[in-house]
Amino acid sequence: MYENFYEQITNALVNDGYIVIDDALNAVTAAALLQEAKEEPNYKLAGVSTASAVDENRRRDKIHWIDAHSMATKEYLAFSTGLQNYLNRHLYLGLRYYEAHFARYEVGDFYEKHLDAFKSAKNRVVTTVYYLNESWSNADGGKLVIYDKEGNELQKVTPNANTLVVFMSEDFPHEVLPAKKTRYSIAGWFRVDKVS
């Protein structure tokens, strides 16, 4: 179903290391995921690094890990499984599983510049960020800023609904600028370590 889409992502990862796609998936699914993210009652402050220590000077978002308990999350995770299989088949990445969580940034929340792959550990290989926000403007803040390894800014991404960002986890430092209204997304990682 998504073969052409998977091919587009794979080619971009090979050539550029990252891709930003507008109108990525089914708009109905995006709307359902936003509703689910808004209604989720069990968000927790996100941790930093493998220790999962909360450090509100580095990040202030709240997260809730997702599974396939609704039609919308089933569809999103099925898309991700298909991408995992395609990347393994064409790039031989050895991706073993995918983990993802809803992320909620309230007014003033941010996440300082960081890499998604933990230091001295081979784990997260490919990162995905899928945005759920309707009617988002530049004045609302909360943009994702992607950098190269030398710290040069590559792109600022407005977190509009149904926008998908995919990049190599070890190669692209990135940050989330402070949000000026509540912002929702799904952050996910294809991993090569053992399923926890």
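The values are calculated or read from the model by the stated rules, or taken from the named source; none is laboratory data. Bear in mind the structure is a predicted one, so any value in this text is a computation, not a measurement. With ideal geometry, Cβ positions are generated from the backbone for all residues, glycine too; neighbour counts draw on all protein chains shown. Ligands, DNA and RNA are stripped out before the accessible areas are found, and what is left, the full protein with its side chains, is counted by its heavy atoms. Shrake-Rupley method; radii C 1.70, N 1.55, O 1.52, S 1.80 Å.
Semi-axis lengths, largest first, of the ellipsoid equivalent to the range 116-196 are 25, 15, 9 Å, with √(5λ) applied to each eigenvalue of the Cα gyration tensor.
Among Leu33, Leu154, Leu132, the residue with the largest mean-square fluctuation in a Gaussian network model of the chain, with springs joining Cα atoms closer than 10 Å, is Leu154.
The shape of the range 56-135 comes out oblate: with a ≥ b ≥ c from the C-alpha gyration tensor, a/c is at least 1.5 while a/b does not beat b/c.
Computed with a 1.4 Å probe over protein heavy atoms only, the accessible surface of the chain comes to 49 Å² per residue.
Largest GNM mean-square fluctuation across Ala32, Ala68, Ala46, computed for the chain with C-alpha springs under 10 Å, falls on Ala68.
Where in the range 115-196 are there trypsin sites (Lys or Arg not before Pro) that are in a DSSP coil and have at most 10 other Cβ atoms within 10 angstrom of their Cβ? For trypsin sites (Lys or Arg not before Pro) across the range 115-196 that sit outside H, G, I, E and B with at most 10 neighbouring Cβ atoms in 10 Å, the list reads Lys119, Lys194. Within the accessible surface of the chain, defined with a 1.4 Å probe on protein heavy atoms only, the carbon and sulfur portion equals 48 percent. Annotation: amide H-H contacts under 5 Å for Asp55 (H modelled 1.01 Å from N, sequence separation of 5 or more, or interchain): Val48. Each Lys or Arg adds one and each Asp or Glu takes one away; over the other residues whose Cβ falls under 13 Å from the Cβ of Asp193, this sums to +4. Full extension of the chain between Ser135 and Asn123 yields a length gain of 0.8 nm, computed as 0.36 nm times the residue separation minus the alpha carbon distance. Here r is the Cβ-Cβ distance between Asn11 and Asp193 and R0 is 25 Å; the resulting FRET efficiency, rounded to 0.05, is 0.45. Coordinate range of the alpha-carbon atoms in the range 12-97 per principal axis, descending: 38, 32, 24 Å. Which one, Ala24, Ala161, Ala139, has the greatest fluctuation when you compute a Gaussian network model over the chain with C-alpha springs under 10 angstrom? Looking only at Ala24, Ala161, Ala139, the biggest GNM fluctuation is shown by Ala139. The percentage of C-alpha pairs in the chain whose separation is greater than 25 Å is 31%.
Net charge within 15 Å of Phe5 by Cβ-Cβ distance, Lys/Arg positive one each and Asp/Glu negative one each, not counting Phe5 itself?
Working: positive: Arg89; negative: Glu3, Glu7, Asp22, Asp23, Glu75.
Its environment carries a net charge of -4.
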